[in-house]
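What follows is a short report on a single structure.
Nothing in this text is a laboratory measurement; each read-out follows from the coordinates by a stated rule. Since we're looking at a predicted model, the values are computed, not measured. So basically every Cβ, Gly included, is an ideal-geometry build from the backbone, and we count neighbours across all protein chains shown.
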């Protein structure tokens with residue numbers, strides 16, 4: 001038996017309020033007969049009962065052991081989407097749960113204050129993403145979603161976007177060598193609307209559209225990448241972009 005009744009699949013894409021309002025016309029969210037006349041959707045104002053959320057959280061926490069099942073040394077990595085600014089927190093929580101996880105870092109912007117140069121700090125390279133590796137299963141992804149600040153996985157549950165271990169190793173080495181540092185000089189200058197190819201990193205090989213101009217010869221650029229049928233904005237070092 002699955003986690004949800006069959007009718008939840010039929011109701012996919014509709015709000016909780018829409019699903020429950022239908023029950024006021026003679027059908028329950030689970031497909032059975034309606035026993036009360038009032039509209040449940042009106043009562044819950046379009047939100048599922050708190051007990052449902054609590055139940056789902058218990059189910060997901062129960063699936064955490066599946067996430068900790070180790071994959072092979074050459075297995076690909078899954079990309080988790082997380083709340084911006086919480087990448088290190090998620091990495092720490094996963095690592096403490098004996099789950100293999102990494103967040104590549106780089107040197108950030110050099111700052112000046114009162115004629116003093118403040119050395120750049122380490123900062124997250126891939127804003128909003130955490131790499132993790134496990135033996136893939138639906139239960140493992142369910143367990144991942146039990147961790148605070150995790151939104152979902154890049155590509156979706158059924159066909160998650162996988163990054164081969166050679167590429168991850170290459171990203172980590174280049175990050176260590178300073179290839180992604182904010183202050184790295186580039187000859188590329190871009191304007192909003194320009195098309196660029198991403199030469200290195202997680203999205204290497206993809207074509208993107210520039211959203212924020214950069215003619216400084218260093219720093220970052222916000223680009224929009226077409227992934228999985230939708231445009232996704234992401235922040236990338238200017239030095240890894242090739243103008244088309």
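Extension gain, residue 197 to residue 230, is 10.2 nm, computed as 0.36 nm per intervening residue step minus the present C-alpha separation. Give the Debye-formula value of log10 I(q)/I(0) at each listed q (0.14 Å⁻¹), with one equal scatterer per alpha carbon of region 89-201, two decimals each. For the requested q values the scattering log ratios are -0.76.
The packing ranking, built from the mean of other Cβ atoms within 10 Å per residue, places the peptides 81-89, 234-242 in the order 234-242, 81-89, highest first. Taking the empirical scaling 2.2 N^0.38 Å for compact globular proteins as reference, region 155-235 has a Cα radius of gyration ratio of 1.18.
What ranking, highest mean first, results for peptides 211-220, 139-148 when packing means the other Cβ atoms within 10 Å averaged over each residue?
Highest to lowest by the protection proxy: 139-148, 211-220.
Model label sites at residue 165 and residue 55, defined 7 Å from Cα along the beta-carbon direction, differ in position by 4.0 nm.
At R0 = 41 Å, how high is the FRET efficiency between residue 111 and residue 68 if r is their beta carbon distance? Nearest 0.05 is fine.
Working from the Cβ atoms, E equals 0.55.
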